[in-house]
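Notes to accompany the following structure.
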Amino acid sequence: MIDPFGRSISYVRVSVTDRCDFRCVYCMPEHMNFLPKADVLSLEELDRLCSVFIEKGVRRLRLTGGEPLVRRDIMKLFRGLSRHLDTGALQEMTITTNGSQLQKYAAELADCGVKRINVSLDTRDDDKFRAITRWGSLDKVLNGIDAARKAGIHVKINTVALRGMNEDEIPELIAWAHGDGMDITLIETMPLGEVDADRTDQYLPLSLVRARLSEMFTLTPSDKRTGGPARYVHVAETGGQLGFITPLSHNFCESCNRVRITCTGTLYMCLGQEDAADLRAPLRASPDNALLSQAIDEAILRKPKGHDFVIDRRHNRPAVGRTMSLTGG
Ligand code: SAM
Ligand code: SF4
């Protein structure tokens, strides 16, 4: 699949549910309206959809949400899709999770061929953790991370940089992650969906974070790439890799190789644009994949050049109406 700008689409992120057991302040309001179950694709439909993308050249698949591990029977989907790893059609199957259910599922994920996961963790301070996630338990997440590592899964920590919330803790988080052999990536908040909080209060430019970090650490740009938008530096003092995802202060769209699918089968060709294609109708219209395949081809031809996120007082409204938990982070 090649888009109009010559970018080859080899990476799909699929949100398997819009539901979550946390309510992170930058991601969703506390009283979130979730989608009716009938609108959400069944596990069999998700398998079929992912398999068609793999047939069309997708090599890396990331399951996300909402919180992917709160979906009932989710391991059936992992187990089913692992057949594409066995044949070599798929190079990597991975997951982005808040870690709350990892203790329960880490061993099974590893058994299904999951080698690398991203766990989102913005703080290791109990009170701050509760303030950021509203409903989460830090202990459960830390135990989940341990379980994943014990199962032989490589864990990368994703940390959203939040002004006045975790900005002072970032050096400590880096030292902790690297001390345990985990990479860590810092992310800027993006203006996605209405949340209860003011995003201009939350937004902390990573250019500023990086400048502060370089006063404490020796940062050397690294050529490490994981196929995503993160740009890495090597931290001499800790010996680990530190990633920066800077959708606002530096646009990374020119090398975008991905598309996203919501749990209702809506294909978004760009995280920051409204244009989308409904894949659920062609999926449900016939057991044959021809209609679905055609709908995907047409959508890829409409993949835009990029997003244009802005967060400042004048633009204090979401770039798009849907939250990250719907599109899939
Ligand atoms: N629940 C899982 C988790 O938290 O890892 C997966 C879904 S979550 C939407 C994926 C990632 O998006 C998380 O790392 C989260 O911190 C990030 N995220 C959510 N809303 C965001 C926003 N408005 N701006 C930047 N990152 C966001
Ligand atoms: Fe849930 Fe992840 Fe959104 Fe937090 S960031 S509310 S864990 S979906």
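The values are calculated or read from the model by the stated rules, or taken from the named source; none is laboratory data. Just so we're clear, the structure is a prediction, and the values are computed from it rather than from any experiment. Note: ideal-geometry Cβ built from the backbone for every residue, glycine included; neighbour counts use all protein chains shown. Only protein heavy atoms, including side chains, enter the accessible area calculation; ligands, DNA and RNA are left aside. Shrake-Rupley method; radii C 1.70, N 1.55, O 1.52, S 1.80 Å.
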Tell me which residues, restricted to the range 186-209, are hydroxyl-bearing (Ser, Thr, Tyr) and farther than 17 Å from Phe244 by Cβ.
-> Thr200
Yes/no for Leu213 being within 26 Å of Ser100 (Cβ to Cβ) and either in a helix (DSSP H, G or I) or within 21 Å of the chain's Cα centre (by Cα) (or both) | no
Output for the range 127-186, where each listed residue is part of a loop (DSSP other than H, G, I, E, B) and among the β-branched types (Val, Ile, Thr) = Ile153
Under the condition of being closer than 24 Å to Arg19 by Cβ and not polar (S, T, N, Q), which residue from the range 77-93 is surrounded by the fewest Cβ atoms within 10 Å (Cβ to Cβ)?
-> Arg79
Looking at the range 94-118, which of its residues are assigned to a helix (DSSP H, G or I), over 19 Å from Arg13 (Cα atoms) and open to solvent by less than 20 Å² (accessible area, probe 1.4 Å)?
-> Leu102, Ala106
How many residues does the range 5-45 contain that are modelled with pLDDT of 90 or more, away from ligand 1 (no atom under 16 Å from the Cβ), part of a loop (DSSP other than H, G, I, E, B) and surrounded by 15 or more Cβ atoms within 10 Å (Cβ to Cβ)?
-> 3
Please enumerate the residues belonging to the range 1-35 that are under 14 Å from Gly265 (Cβ atoms), of a type outside the set (Val, Ile, Thr) and out of contact with any Gly (no Cβ under 7 Å at 6 or more places or on another chain).
-> Leu35
Checked Ile74, Ile2, Ile54 against criteria (within 16 Å of ligand 1 (Cβ to nearest atom) and either open to solvent by 20 Å² or more (accessible area, probe 1.4 Å) or modelled with pLDDT of 95 or more (or both)); the one match is Ile74
Evaluate the range 126-133: report whether one residue or more is under 17 Å from the mean Cα position of the chain (by Cα), hydroxyl-bearing (Ser, Thr, Tyr) and crowded, with 22+ Cβ neighbours inside 10 Å.
-> yes
Any hit, the range 277-286, residues being part of a loop (DSSP other than H, G, I, E, B) and within 28 Å of Glu67 (Cβ to Cβ) = yes
Taking the range 174-208 and the residues there that are of a type in the set (A, V, I, L, M) and more than 13 Å from ligand 1 (Cβ to nearest atom), the one that is surrounded by the most Cβ atoms within 10 Å (Cβ to Cβ) would be Ala177
Among the residues of the range 216-232, is any part of a strand (DSSP E or B), surrounded by 13 or more Cβ atoms within 10 Å (Cβ to Cβ) and touching a helix residue (DSSP H, G or I) at 6+ places or on another chain (Cβ under 8 Å)?
-> yes
